[in-house]
Structures are given as C-alpha cells and as structure tokens.
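Written below as structure tokens is the structure these notes are about.
Values quoted throughout were computed directly from the atomic coordinates according to the rules given, and no laboratory measurement underlies them. The shown structure was predicted, so the numbers you read here are calculated from the model rather than taken from an experiment. Glycine gets a Cβ as well: all are built from the backbone with ideal geometry, and neighbour counts include every protein chain shown.
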Amino acid sequence: MAEYLILTEKKSAADNFSKALGGSSGNFDGHSYQIVHAQGHLMELSEPKDQVAGDLKERYGSWDPENMPWNLNDFSWVKEPTKAGNIRKILSQIKKASQNAQAIVIATDNDPSGEGELLAWEIINEIGWHGKVYREYHDDETPKSITKAMRNLKDVSDQTKDGDYLKANVRSRWDFASMQLTRLATSYVRNAGYYVKVVNQGRLKSVMLSMVYKREQAIKNYVKKPFYEVKFQDDQGHLYARKVAKDNEERLAQIRHADKAQAEAELTQYQSPVHVKKLKMVNKKSTPKTLLDLAKVDALLSKKGYSSNKIKNVYQQLYEAGYVSYPRTEDKVITSEQFNELVQNSKEIALLVGVNTQLLTHLEPRKELVKDSATHGANRPGSKVPASLDELGKALKNQSDLECAKDIYCLLGKTALAILGDDYLYRVVTASIEEYPAFVTQYNVPANFGWRQIYNDGELPKAPKPLGTQAKAIVAEGANPKPAKPTKAWLFKRLASYGKYGIGTGATQQSTMAELTNAKSNAHLLNDKKGVLSLTDTGLMSAVIAQGTLIASPKATEQLFQGMDDVGNFKLAPDQLLSTINKVVAHDKPVLQKNVALVEQSVGKPQKKQYPKREKVDVTYQGKPAQINAKWGEHTWTADELKELSAGNTITFDYKKGQISGQLGEKEYKGHKFIAFIPDFDN
DNA sequence: GCAAGGTC
C-alpha cells in the first residue's frame with residue numbers, strides 16, 4: 001500500500017519520475033509511492049445543453065442568435081471524459097490506484113498557465129477523491145529536479161485555494177463560452193443565404209484569420225509609388241546613400257523625389273566622379289541561433305510542400321518511437337544533460353544528416369542555449385539514433401510518410417548540431433564618399449561560416465566585391481515595398497510575439513494551423529501552398545464578419561491572460577474574469593450582424609441553390625417502401641446495413657471516434673413527416 | 001456543428 005499516488009501528465013513524464021525515484025512504485029524519502037499518469041486533459045466540458053436544467057436545454061442547444069448572449073449562471077460546468085478511446089480506462093486505473101493511497105501528489109507539467117493543475121484536479125474530482133492533495137513543482141524532468149521537487153511538497157488539498165487551478169479553470173470556461181460567437185457568425189451567414197458548415201470564431205482562430213485577411217487586403221490595395229533618389233555607385237557596384245530613419249518623413253521627402261526630373265536636377269549639383277573613402281572595418285561574430293519549436297519546424301518544412309497536419313502526425317510517430325524529442329515543448333533551450341547527450345550522439349547524427357563531423361568543434365555549452373532548467377528541451381533528435389534514415393520507416397504507420405520523416409529528422413539534426421559549431425565570423429566594412437561624407441555604404445564580408453555551414457536557413461551569403469576607388473552619382477529608382485504574402489512563418493511569429501503573453505501556445509498554434517489548413521476539417525478556413533496562406537471562401541466570410549469584433553482582436557487574449565494572473569494571485573474573483581466574455585459577446589453580436597452586408601461585398605451574393613440535394617436510397621419501413629438519405633453524416637449506408645434497417649433491426653456502425661446505434665423511424669421537420677435513420681441517442 | 005488547452 002503506497003502512501004503517495006504520484007499523478008503525472010503523460011507517460012513520458014511517468015517514465016522520468018520512475019527513473020528519478022527508482023521505479024514506478026517504491027520508497028522515496030521515507031514515503032512509499034506509486035506513479036500513475038494521465039494523457040493530457042482526460043475531461044472536457046459537456047455540451048452546453050447538457051450543462052443546463054431541462055427547460056433550458058432547447059435554448060442552449062440552439063444556434064439561433066435570439067438565444068444569445070447566454071446567462072453563464074445557468075451552467076453547471078459539468079465535465080465528462082473526452083471521447084478518445086482509452087480515456088475511461090485510464091481514469092479507472094487511476095481511481096483504483098488511489099484506493100490504497102493516503103495522498104495524491106499532483107506531478108503534472110509545471111507551467112505558469114496552470115493547465116497542469118487543471119487537468120490534475122479534473123481527474124481528482126472525477127474519481128471522487130476527497131483526501132489530501134499535494135503539489136510538487138519540478139523545473140525539468142531530470143532526476144535532480146524531480147527528487148528536489150518531491151522533497152518540497154505543498155499542501156493544496158483545498159482546490160479553491162489553488163491559484164494555478166483557478167486561473168486555468170476560468171480560462172477554460174471563458175474559451176468555452178466564446179463558442180457563442182461561432183454560433184452567431186454561422187447563423188448570420190446562413191440566414192443571409194450562404195451554404196456554410198461552420199463559420200468559426202475564437203480568440204485564436206479569429207485573430208489568425210484576421211491577420212491573414214488584413215495582409216491580403218494590404219496586398220490588394222497596394223499601389224506602387226516609385227521614387228527617385230540620388231546615390232553614388234562605385235566601380236565595384238557598391239551603392240552609397242544618405243542614412244535616414246524610416247519614420248523621419250520630412251527628411252525622406254527631401255531625398256526621395258516622386259518626380260524623376262527633380263532627382264535629375266539634384267544630380268547636377270554633385271561633382272562626379274568622386275572618391276571612395278574606407279572608414280572602418282570591424283570584426284564581428286554571431287553565435288548559433290536558438291533551437292527550434294514545433295511551429296518553426298512546421299513553417300520551415302512547409303516550404304517543401306508538407307501540410308501542417310502531416311508534420312504534426314509524422315512528428316508524433318517519430319517521438320513515440322524515441323527518434324525525436326518531445327514535440328509540444330515550449331522550450332527553446334536545453335539542459336546540460338540534454339546537451340551532453342547531444343554531444344555523445346553528435347557524430348552518429350552528423351553522418352546520418354550529412355554534416356561534416358570536423359565542423360563539430362564547439363563542445364562547450366553556450367550559456368544562452370544550455371540552461372539549468374528546461375522541461376522537455378527544445379525540439380531535437382531523440383535519445384535513440386537510427387542506424388540509417390530508412391530505419392525511421394519503422395516508426396511510421398504509412399510508409400509514404402518516410403520522406404517527410406527524413407526531412408524532419410535532418411532538419412532537427414542539423415539545427416541541433418549547429419550549436420556545436422564555431423561562431424560565424426565576419427567583418428563589417430563601412431565607407432563613404434570623400435567629397436560628400438553623408439553618402440555611406442556598409443556590407444559584411446564572411447570570414448568563417450562556422451555553425452552556418454552546419455545549418456543555414458537558405459543560401460550562405462556570398463563574399464561581396466571589394467570596395468571601389470571611384471564613384472559616380474546616379475539616379476536610383478525605388479518604391480514603397482509591396483507587402484509580402486502571408487506565410488505560416490510570418491503568422492506564427494506574429495502570434496508568438498504579440499504583447500506580453502503571445503496568442504495561443506506554440507503547440508496550440510501548430511495544431512490550430514493544422515486544423516485550419518486541413519481540407520477534411522470542418523474548420524478548413526485557410527489554404528496552404530508551400531507555406532503561403534490564403535483564406536478559403538468560408539475563411540474569408542469568417543474574417544470579414546469578424547472585423548471590428550473583440551474576439552478577433554489580440555487584446556482579448558491579452559486581457560484574459562492579465563486577468564488570469566490576477567486570479568492566480570487572488571486579486572480577482574474567477575467569476576469576475578469569466579463575466580468579461582459576456583461583454584465580448586454583447587459587443588460582438590451586433591457587429592457580426594451588421595458585417596453580414598460586408599460578406600456580400602467580398603464573396604458576392606449567395607447562389608440560389610445553396611444546399612445540395614441529397615442522394616436517396618430505397619428502404620422498407622413497416623412493410624412499405626420509403627426513401628432515406630444515402631448518407632448519415634459522413635457515413636454511407638452499406639447494402640447490408642440497408643437490409644438490416646429494412647428488416648426493422650437496430651444496426652451499429654463505427655462513426656468518427658465512437659460507435660452509433662439506431663434504427664428506422666418517423667421524423668418530422670417543419671410539418672413534413674418522413675422516414676429516417678433514428679440514432680439511439682436521439683431518444 | 002461550436003473554443004482553446006492538453007495528449008496520443
């Protein structure tokens with residue numbers, strides 16, 4: 001009988017706890033223990049209609065705008081196990097193990113969002129545990145950190161006083177309540193006559209779509225404004241120009257002439273040719289960049305044409321086989337242990353990914369990349385190094401993903417090995433025109449490529465020509481820059497760097513990107529062509545209808561997260577923060593309604609035949625011939641199923657993540673009676 | 001059918 005039941009977030013964490021404490025059960029520091037693990041969140045909030053009293057079910061099941069905003073006091077906030085296959089089994093295992101324990105130790109990921117506390121308390125509440133609960137706070141999953149944390153347990157038995165739980169819990173309710181905006185947007189667009197599945201809105205999705213939309217508009221509205229500027233050009237081609245700060249419009253207007261003739265007039269004021277004067281040459285160096293996160297891997301490999309969905313799935317399979325490190329890390333650095341492992345495996349990895357081992361010379365950890373604390377460490381090759389790249393196929397369900405797996409491994413290998421390369425050394429040359437010192441030029445001369453020979457995003461810079469001796473005044477043509485096309489790399493960067501908190505976690509950004517760009521998803525709102533994004537028709541509707549709303553503003557997340565900090569510090573009551581979503585819905589509802597008119601401007605009038613006529617098949621119901629839809633949702637009836645249904649039998653078939661049972665019956669819609677498949681859950 | 005957050 002174990003005294004402590006140690007609950008970790010996932011299997012890999014349970015394995016690391018087991019290593020640190022000396023087994024999946026045993027004795028540590030005078031206490032007997034047993035380790036169990038969750039699998040991320042095991043519970044999720046029930047459907048809105050299942051959280052309210054009987055007479056309110058219709059209202060909260062409805063997508064009709066007249067039923068919103070919701071009154072959040074109507075909600076019970078009851079949760080149920082998630083739909084994934086083995087969740088109930090995991091829950092019952094944890095419950096069973098808890099029956100022998102004197103206390104539960106929350107040992108989930110220790111992250112400031114409080115998500116680890118939330119998913120632990122969801123489980124603790126679900127199994128009906130009312131005993132002692134402790135929290136340990138590990139910085140990373142090394143034995144040293146885990147044992148240290150396990151010696152410093154905090155009693156958190158009262159969950160209403162666990163600030164981390166409170167903040168994450170209110171976050172989850174706020175986000176859940178934000179689904180009203182999807183219902184509103186979808187209903188308004190449908191009521192205007194458009195055929196759409198769902199017009200998604202949320203504080204992450206809407207912001208992503210809005211960013212792409214605004215960039216698309218900026219490209220569409222771009223008007224090239226050429227300007228003419230006097231510069232000097234030396235006999236080696238280097239250009240000398242006057243330095244002006246970008247925001248110094250007054251000075252820019254003096255130098256950049258809209259009229260070519262003005263520039264030509266200015267040109268005559270200068271003598272030409274003139275002399276080049278070298279001002280200085282400074283030695284500089286740059287160290288390897290930080291390692292990758294999943295969003296960066298996604299953005300870089302999308303250039304090769306892989307979808308976000310494929311990268312997510314293939315990466316996960318490589319992780320499960322031990323070939324790559326944990327995918328959904330927030331870390332951009334690694335620990336010394338992780339660094340040592342990389343050094344040990346470096347030659348093998350280099351041979352696999354095609355890096356010259358002689359370049360691996362910097363075996364001392366650089367302090368900006370190797371820190372004392374990092375939970376999973378940045379994305380990099382795993383502990384298990386394959387004997388060949390083809391061996392990665394063993395990890396894959398589908399061998400056609402092998403090329404993608406190899407590209408992921410090579411990218412991770414090269415970026416990780418780059419931190420074992422020398423500094424990149426270069427010289428910065430500055431020169432000016434002797435007669436007109438305001439005209440300057442500056443360029444870099446690479447001296448030693450160092451780590452950039454191991455990994456460089458794009459081509460290595462070429463050595464520039466030497467400085468010339470003489471220069472001539474010329475009229476150079478320039479223009480206001482055309483906005484670049486929106487790409488995944490651009491979007492990820494904007495999301496991550498917004499405000500104090502960023503918008504969405506790296507892992508959620510990548511999985512949301514995968515959802516939005518997946519043609520099979522209900523939320524297929526973005527097209528992806530080698531990493532270049534564009535809005536689908538529904539995506540455009542979603543973005544257009546959300547203009548001017550709070551949900552599409554990054555400030556919504558910023559204020560929510562600021563409020564979460566206050567909830568975590570007990571400066572703000574959770575319900576106070578939750579009520580801010582009511583204000584968002586109240587503000588956004590009329591904006592969405594008004595914006596429907598803009599949808600017509602951008603995608604045109606709805607076509608007349610909106611809802612495709614469904615294909616019918618013949619059945620028999622109570623001895624009489626009838627017709628039903630050939631498909632139920634995404635399921636097409638087989639001949640056998642139709643036979644069974646016609647015989648009046650109940651059939652069961654696999655559907656999405658579960659099974660559906662039901663039989664034929666009568667249905668009524670708008671006064672019209674017909675025969676249809678009635679699933680059991682409708683009764 | 002809906003959110004965003006975990007996870008396989």
**OP:** Rounded to the nearest Å, what's the spacing between the alpha carbon centres of region A:426-467 and region A:345-374? Just the number, please.
**Re:** 27 Å
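Below 8 Å between Cα atoms, with a sequence gap of 6+, how large is the relative contact order for region A:499-641 in percent?
Relative CO of region A:499-641 lands at 17 percent.
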Subject >> Distance from region A:288-337 to region A:36-56 (C-alpha centre basis), Å >> reply: 31 Å
Original post:
How far, in degrees from 0 to 90, does helix A:179-191 lean away from the longest principal axis of the Cα atoms of chain A, to the nearest 10?
Top reply: 90 degrees
**OP:** Specify whether the C-alpha gyration tensor of region A:325-474 places it in the rounded, prolate or oblate class, a ≥ b ≥ c being the square roots of the eigenvalues: rounded for a/c under 1.5, otherwise prolate if a/b is larger than b/c and oblate if not.
**Re:** prolate
Subject >> Those trypsin sites (Lys or Arg not before Pro) in region A:147-234 that DSSP places in a loop and that have at most 15 other beta carbons within 10 Å >> reply: A:R151, A:K197, A:K224
Original post:
Under the definition of Cα pairs under 8 Å and six or more residues apart, what whole-number percent is the relative contact order of chain A?
Top reply: 16 percent
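Under 1.5 on a/c is rounded, so check that first for region A:57-144, then, if it is not, pick prolate when a/b is larger than b/c and oblate when it is not; a ≥ b ≥ c are the square roots of the alpha carbon gyration tensor eigenvalues. Could you put the intermediate results ahead of the total?
On the way: a/c = 2.52, a/b = 1.89, b/c = 1.34.
Prolate shape, in that a/c is at least 1.5 and a/b is the bigger ratio.
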Original post:
Rounded if a/c is under 1.5, else prolate if a/b is larger than b/c, else oblate: which is chain A, with a ≥ b ≥ c the root eigenvalues of its Cα gyration tensor?
Top reply: oblate
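Of A:K154/A:K289; A:K332/A:K488; A:K310/A:K371, which ones are farther than 26 Å apart at the Cα? Show your work: numbers first, answer last.
Values: A:K154/A:K289 38 Å; A:K332/A:K488 19 Å; A:K310/A:K371 32 Å.
The answer is A:K154/A:K289; A:K310/A:K371.
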**OP:** Excluding residues on the same chain fewer than 8 positions from A:K465, give the aspartates and glutamates whose Cα lies under 20 Å from its Cα.
**Re:** A:D234, A:D235, A:E434
Original post:
Ordered by residue, what ³J(HN,Hα) values in Hz, to whole numbers, does region A:125-140 give under the Karplus form 6.51 cos²θ - 1.76 cosθ + 1.60, where θ = phi - 60° and Gly and Pro are x?
Top reply: 5, 5, 7, x, 7, 10, x, 5, 9, 10, 10, 10, 10, 8, 6, 8
Subject >> Degrees between helix A:488-497 axis and first principal axis of chain A (Cα, 0 to 90, nearest 10) >> reply: 80 degrees
Subject >> Packing rank of A:292-304, A:61-73, A:580-592, A:312-324, where each peptide gets the mean count of other beta carbons within 10 Å, highest leading >> reply: A:292-304, A:312-324, A:580-592, A:61-73
Original post:
To the nearest 10 degrees, how steeply does helix A:554-568 sit against the main Cα axis of chain A, on a 0 to 90 scale?
Top reply: 60 degrees
